[in-house]
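The values are calculated or read from the model by the stated rules, or taken from the named source; none is laboratory data. Everything numeric in this text was worked out from a predicted model, so none of it was measured. Cβ placement follows ideal geometry from the backbone for every residue including glycine, while neighbour counts extend to all protein chains displayed. The area values use the complete protein model at the heavy-atom level, side chains included, leaving out ligands, DNA and RNA. Shrake-Rupley method; radii C 1.70, N 1.55, O 1.52, S 1.80 Å.
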Amino acid sequence: QVQLVASGGGLVQAGGSLRLSCAASGIALRNNHMAWYRQAPGKRRELVASITAASSITYVDSVKGRFTISRDNAKNTVYLQMNNLKPEDTAVYYCKAYRNLHSYWGQGTQVTVSS
C-alpha cells in the first residue's frame, strides 16, 4: 500500500521559513516524479514545484528564488524548503508522486503566513 505523509506546515510570519517533508512508504520515490501542489481557499490547486526521476526541477514563477524542492533517496522523502514566505503563500500544500498512469497524493499540510 502506497502512503505519502506530508508534514512541516505551520504558522509563520511573513519573511519566515518552513520546510515541508513528504515521506513515502510502499513506493520508491527515486523511481517516480514528485511534485508539491498548493490550494488556497476558493482557488484551484496549483503546481508549485516538481522534480522528475531524473532530477529535472521546475517551479511556478511566483516561488522561484524562494522555494527549493529536493529529494533524499535514502530517506525516501521529498522536501520543499520555503524561504521569504509571503501571505499569498498561505494554502494547504500537497505532495504527489506520479509515473506513467499512476499517481498518489499525500494528505496535505497547512501553511499559514501572517503579514
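Could you tell me which of the residues Y98, Y93 is open to solvent by 50 Å² or more (accessible area, probe 1.4 Å) and assigned to a strand (DSSP E or B)?
Testing whether each residue is open to solvent by 50 Å² or more (accessible area, probe 1.4 Å) and assigned to a strand (DSSP E or B) leaves just Y98.
Taking the stated definitions as given, is A53 in a loop (DSSP other than H, G, I, E, B), surrounded by fewer than 18 Cβ atoms within 10 Å (Cβ to Cβ) and touching a helix residue (DSSP H, G or I) at 6+ places or on another chain (Cβ under 9 Å)?
yes
For the stretch 1-16, give me each residue that is farther than 27 Å from A97 by Cβ and assigned to a loop (DSSP other than H, G, I, E, B).
Within the stretch 1-16, A14, G15, G16 qualify.
Taking the stretch 59-85, which residues are surrounded by 15 or more Cβ atoms within 10 Å (Cβ to Cβ) and outside any strand (DSSP E or B)?
V60, V63, R66, N76, L85
Enumerate the pairs (first residue in the stretch 25-50 and within 20 Å of Q3 (Cα to Cα) and in a strand (DSSP E or B); second residue anywhere and open to solvent by 20 Å² or more (accessible area, probe 1.4 Å) and among the small types (G, A, S)) with beta-carbon separation below 8 Å, excluding pairs fewer than 6 apart on the same chain, so at least 6 apart or on different chains.
H33/A53
Tell me, which residue of the stretch 5-57 that is polar (S, T, N, Q) and within 12 Å of the chain's Cα centre (by Cα) is farthest from S115 (Cα to Cα)?
S50
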